[in-house]
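Read-outs throughout are calculated quantities, based only on the coordinates presented, and are distinct from any laboratory measurement. Source: prediction; values computed, not measured. Note: ideal-geometry Cβ built from the backbone for every residue, glycine included; neighbour counts use all protein chains shown.
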Amino acid sequence: MKREELIIRDETISETKERLKSVIESVYKIDICRKTRRRDYVSARTTYVQIMRDMGLGVEEIGRSIGKHHSTVLHNTKCFHDYYKFDKRFKKFHNIILEKFYAEENTVIELKVEELEKHTLSLNLKLKELDSQNKSLESKIQSLENEKLKNKSIHELINERVKPGTEERIYYKLNRFFNGIHS
């Protein structure tokens, strides 16, 4: 395989969390976000928490990702070493999960040069379209700012002279003035 045909996986944190969840759920054959205290679920969540903590994520972020309070995450972190030391099944599953998770992390995605060129062309077209939209919006902003400057002295006068609590009365007077009905 040629070097030009490879792209190495570059994941976001949320993609990594989802990938870890799917690996754990495939090993335990459960949904780790399900609200239950059954042993398999607790063990699966404990593995998830420990791996995420090892990756440097905070307890609140980990808790949100599995629908648990940060104190539950802290408890799982504290219990991990005892589970790993004394529970053979937990240790076996944890090691399988680590193996699968880190094996998938180094997955190489194969794409042909033509596909990459096609994708690059598509992205360049989108970029040009967005640039055009950006210029249009900048033009609209400029015209709005010019309009704002045109009425700046009127706004300053109103802000300076209108007493708090009389805004509604002033609004009706100005409205009648602009409609040609003077009182």
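Compared with the direct C-alpha span, the chain from Leu130 to Asn179 gains 13.4 nm at full extension, assuming 0.36 nm per residue.
For the chain, the longest principal axis of the Cα atoms and the long axis of helix 152-161 meet at an angle of about 80 degrees. When +1 charges are put on Lys and Arg Cβ atoms and -1 charges on Asp and Glu Cβ atoms, the dipole computed for the chain relative to its Cα centre reaches about 1060 debye. Per-residue Cβ neighbour counts within 10 Å put Ser153, Ser26, Ser43 in the sequence Ser153, Ser26, Ser43, beginning with the fewest. Quick one: angle between helix 39-54 and the longest Cα principal axis of the chain, in degrees between 0 and 90, rounded to 10, please. Relative to the chain, helix 39-54 is tipped by roughly 70 degrees. Helix-only arithmetic for the chain: the sum of -39500 (n - 2.57) across DSSP H runs with n ≥ 4, divided by the residue total, places the mean residue ellipticity at 222 nm at -24500 deg cm²/dmol.
Convex hull volume per residue, computed on the Cα atoms of the chain, equals 272 Å³.
Of the residues Gly63, Ser136, Val113, the one whose Cα sits farthest towards the positive end of the charge dipole of the chain is Gly63 (charges of +1 on Lys and Arg Cβ, -1 on Asp and Glu Cβ, taken about the Cα centre). I'd like the orientation of helix 70-86 relative to the chain: the angle between its Cα long axis and the longest Cα principal axis, in ° from 0 to 90, rounded to 10. Once rounded, the angle reads 10 degrees. With the simple spin-label model, which puts each label point 7 Å out from Cα in the Cβ direction, the Gln142 to Tyr84 separation comes to 6.1 nm. Cβ crowding within 10 Å ranks Ile24, Ile154, Ile13 as Ile154, Ile13, Ile24, fewest other Cβ atoms first.
Taking 7 Å steps out from each Cα toward its Cβ at Ala103 and Asn159 produces label points 6.6 nm apart.
Ordered by the number of other Cβ atoms lying within 10 Å of each residue's own Cβ, fewest first, Thr46, Thr166, Thr16 fall into the sequence Thr166, Thr16, Thr46. Calculate the length of the line joining the C-alpha centroid of segment 14-45 to that of segment 54-77, in whole Å. Answer, in whole Å: 13. Of Leu98, Leu127, Leu20, the residue with the greatest mean-square motion in the GNM of the chain, using alpha carbon springs below 10 Å, is Leu127.
In the chain, taking the dipole from charged Cβ atoms about the Cα centre, the farthest positive-side position among Asn124, Tyr41, Ile158 is held by Tyr41.
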